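J.: Quick one: this structure, given as structure tokens, is what I'll be asking you about.
Any read-out appearing in this document is the output of simple, stated calculations on the displayed coordinates, not a laboratory observation. All values reported here derive from a predicted model rather than from experimental measurement. Here the Cβ is made from the backbone with ideal geometry for all residues, glycine too, and neighbour counts use every protein chain on show.
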């Protein structure tokens, strides 16, 4: 018997059985699935992501794909699948949940900035920890610091394991030192010097005063903006083909010094050739031409081009063409460096306001808002009326924010709706204020006010003012729409006590009780007339230091009752009440005691302020005040308590408050005030260095002048007092604050000079 074939046969049988077993191991039918290792993630979540169901026949490849699918969820750091008979067992090891995120070392980046960056990247407490995500957050933080010029900034993270499969993340931030700009080099400029172009840039070379002005700080965003400023500088001066070829920022080995180079190509300077206008519809071609600021033969300016397009679109929008478009087609003649323009004007359809919708007014009634709107339902669309509507709503003071949108009406080409969205602020509150001025020292103010009474727009006010000079108690009720045409009426009762012994002027006591009514009648959007009538009961008393000039009057008129009538005409076009940059406010007024009153007198006054922007951040202002008063009938002079005064932070800086003008006879030389006042001044307002974009702080260089005269004196210009100095204005959280340092330059020995003056509370000049 041959043994070899038998052995060979046995070996073949063993191999065959092994192959069968292997085949059985690679594929099997899943009768059940069991999950092990879950703590926070539910088994249901695993079943949702698992691409295998009970009853499936699976193999090795399907198992591999299932493991990959579970890993992709990011919930697990280890996944295994094994077989126990016909049961598939899924064993997972969960990633820890983020229990806390703490960061330290951030100063330039505020906490809310870091929180926002973490949120944008998806890192927050409660989520599953993911190392790649944390790495991305670390890189984002460093990139943010790099964009601010802090190239040595480093961010390190620490992961601390905590019970119950949790982890705490600590982010340690080393902001490093800010790299400073050591050089800004401009290459390729022939028509303008480096200094001219650098003056257009916000980035600047670091200097000795950079600690205060922040010059030398680099920002990628600012460099991008500076490139655009240089581009605009050239395009506004005729260089139509100008372009910035390249910008390069290099850093020193120690990552502390930056060197910026900007390569430019100026190209030829273009002048404007012919200007053509193509108009669709009934728009006048000549009217359009008058709005174009570009003129033939003049150097091309992109600023004038854009301004021309904007002016045409706004004029058309004010006439009802809400969707007007203006395109300017240039035609360059490179051989002659001339550019011709054709303005193509498409007014679009005539547009009407279908409906005005108001949202956000939870307390304020619709009618209170609608009566301020100058754009009406069913009327032709008007851009200027919409803008004016917003301005009038803002002046109410009832709203924190106001937005007006004009969405198109679906399916209609000539109608829009007007959506007025308001965010109300609290209008019923108790206010307590503290102030200080050179004339009245410490001022305390308490006020209970309801500006929007029951949502009607009416105002109820209880006010108390206490200062060294005056104590005022005032109750008033005001209806801004006493008539449907916008005439307002205010009724008031008040008591005023004056103790002039506490300030730098002639001593006396005054106790005045009054009641009356005030009306304001609008004439135009900017002009109004004010009228008032008040009955005053006045008690005067002297002290041992009362000057003789006041003593005789007090003896003759210690008690008097007067009916006062007053009126005024005002115009206000300022763009901002507190920090105006353009416009003016003028007011002329008069006050007269009704004939037959115990005291018969009158005063007339005028006041005006005018502002005009100069360049980007400068504002030039002029201001002036005139006052005159006299008695009539049996009274031969203006009552002394109605006298005008000058000097102090709100009139003529550099001189003590209420100190200028006539003085009493004798050794005390007390200030008496006068029946004539002239005060004027000019200011150049500019940003605080390093705070160019600040909306609540600014500086000003000023020159003040003026004087007060008695009835017996004639106005003599040679008696005017002048001062010049520097002032700082700040709209702080506790109210307006102003500091000034003034130097009188023609004061006399009798004048009370006060160089430094401080005011808290009240409006700026």
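J.: Residue 637 to residue 303: FRET efficiency via 1/(1 + (r/R0)^6), r the Cβ-Cβ distance, R0 51 Å, to the nearest 0.05?
T.: Numbers: r = 59 Å, r/R0 = 1.15.
It comes out at approximately 0.30.
J.: 222 nm [θ] for the chain, helices only, -39500 (n - 2.57) per DSSP H run of 4+, per residue, to 500?
T.: Value at 222 nm, helices only: -6000 deg cm²/dmol.
J.: Shifting gears a bit: Under the definition of Cα pairs under 8 Å and six or more residues apart, what whole-number percent is the relative contact order of the chain?
T.: Computed value for the chain: 5 percent relative contact order.
J.: Give the angle, between 0 and 90 degrees and rounded to the nearest 10, that separates the Cα long axis of helix 111-120 from the longest principal axis of the Cα atoms of the chain.
T.: 40
J.: Any idea what angle helix 383-396 forms with the longest principal axis of the chain, computed on alpha-carbon atoms, 0 to 90 degrees, nearest 10?
T.: Its long axis makes an angle of about 70 degrees.
J.: Note down the relative contact order for region 271-346 as a percent, whole number, built from C-alpha pairs under 8 angstrom at least six residues apart. Spell out each step's value before the answer.
T.: Details: 117 pairs, mean separation 31.1, N = 76.
Rounded, it is 41 percent for region 271-346.
J.: Over region 629-765, what number does the Rg to Rh ratio reach, with both radii from the alpha-carbon atoms and Rh per Kirkwood?
T.: Ratio value, two decimals: 1.05.
J.: If you don't mind, there's one more thing I want to ask. Could you give the Stokes-Einstein D for region 537-640 in µm² per second, using the C-alpha Kirkwood radius, 4 °C, 1.567 mPa s?
T.: Roughly 78 µm²/s, to the nearest whole number.
J.: Per residue Cα convex hull volume for region 180-265, in cubic angstrom?
T.: In region 180-265, the Cα convex hull volume per residue is 90 Å³.
J.: List 201, 491, 731 from most exposed to least, where exposure is judged by having the fewest other Cβ atoms within 10 Å.
T.: 491, 731, 201
J.: Based on Cα coordinates alone, diagonalise the gyration tensor for region 26-94, multiply each eigenvalue by 5, take square roots, and list the semi-axes in whole Å, largest first.
T.: Gyration-tensor ellipsoid for region 26-94: 19, 12, 10 Å.
J.: Follow-up question, since we're still on this one. Just from the alpha-carbon atoms, what are the Rg and Dmax of region 286-400 in angstroms?
T.: 19.6, 67
J.: Continuing with the same structure: How do 485, 509 line up, fewest other C-beta atoms within 10 Å first?
T.: 485, 509
J.: Please state, to two decimals, what the Cα-based radius of gyration of region 484-594 comes to when divided by 2.2 N^0.38 Å (N = residues).
T.: Ratio of Cα Rg to 2.2 N^0.38 Å: 1.41.
J.: Starting from the Cα-Cα distance between residue 269 and residue 456, subtract it from 0.36 nm times their residue separation and give me the gain in nm to one decimal.
T.: 61.2 nm
J.: In terms of the Cα gyration tensor, with a ≥ b ≥ c the square roots of its eigenvalues, is region 428-760 rounded because a/c is under 1.5, prolate because a/b exceeds b/c, or oblate?
T.: Because a/c hits 1.5 or more and a/b fails to exceed b/c, region 428-760 counts as oblate.
J.: OK, next. Could you tell me what a quarter of the Cα convex hull surface of region 97-174 works out to, in nm² with one decimal place?
T.: Spelled out: convex hull of the Cα atoms, projected over all directions, averaged, 4.7 nm².
J.: What does the convex hull of the alpha-carbon atoms of region 271-346 project to on average, in nm²? Kindly include the intermediate steps, with their values, before the conclusion.
T.: Values: hull surface 18.3 nm².
So the Cα hull casts an average projection of 4.6 nm².
J.: A further question on this structure: How far apart, in nm, are the 7 Å Cα→Cβ label points at residue 588 and residue 367?
T.: With each label point 7 Å from Cα toward Cβ, the separation is 3.8 nm.
J.: Specify whether the C-alpha gyration tensor of region 241-310 places it in the rounded, prolate or oblate class, a ≥ b ≥ c being the square roots of the eigenvalues: rounded for a/c under 1.5, otherwise prolate if a/b is larger than b/c and oblate if not.
T.: It comes out prolate by the Cα gyration axes.
J.: Would you give the gap between the C-alpha center of region 155-206 and the C-alpha center of region 616-654, rounded to a whole Å?
T.: Using only Cα atoms to place each centre, the spacing works out to 53 Å.
J.: Here's a follow-up. What does the chain give for Rg and for Dmax, in Å, if only its C-alpha atoms count?
T.: 39.4, 164
J.: Another question, if that's okay. Find how much the distance from residue 185 to residue 346 grows on full extension, using 0.36 nm per residue of separation minus their present alpha carbon separation; answer in nm with one decimal.
T.: Full extension of this stretch gives 53.5 nm more.
J.: Under a crude label model (7 Å from the Cα following the beta-carbon direction), how far is residue 259 from residue 421 in nanometres?
T.: Roughly 5.0 nm, to one decimal.
J.: Then there's this: Report, to the nearest 10°, how far helix 220-235 tilts away from the longest principal axis of the Cα atoms in the chain, using its own Cα long axis and a range of 0 to 90°.
T.: 60
J.: Here's something else I'd like to know. Shape verdict for region 569-703, please, from the Cα gyration tensor: rounded (a/c under 1.5), prolate (a/b greater than b/c) or oblate.
T.: oblate
J.: Using 5 Å bins from zero, what percent of all Cα-Cα pairs in region 352-424 falls into each bin?
T.: 3, 17, 30, 25, 14, 8, 2, 0
J.: Take 540, 660, 618 and order them by how many other Cβ atoms sit within 10 Å, fewest up front.
T.: If I rank by nearby Cβ atoms, fewest first, I get 618, 540, 660.
J.: By how many nm would the segment from residue 509 to residue 130 grow when fully extended, if each residue of separation counts as 0.36 nm and the alpha-carbon distance is taken off?
T.: Computed gain between residue 509 and residue 130 is 128.6 nm.
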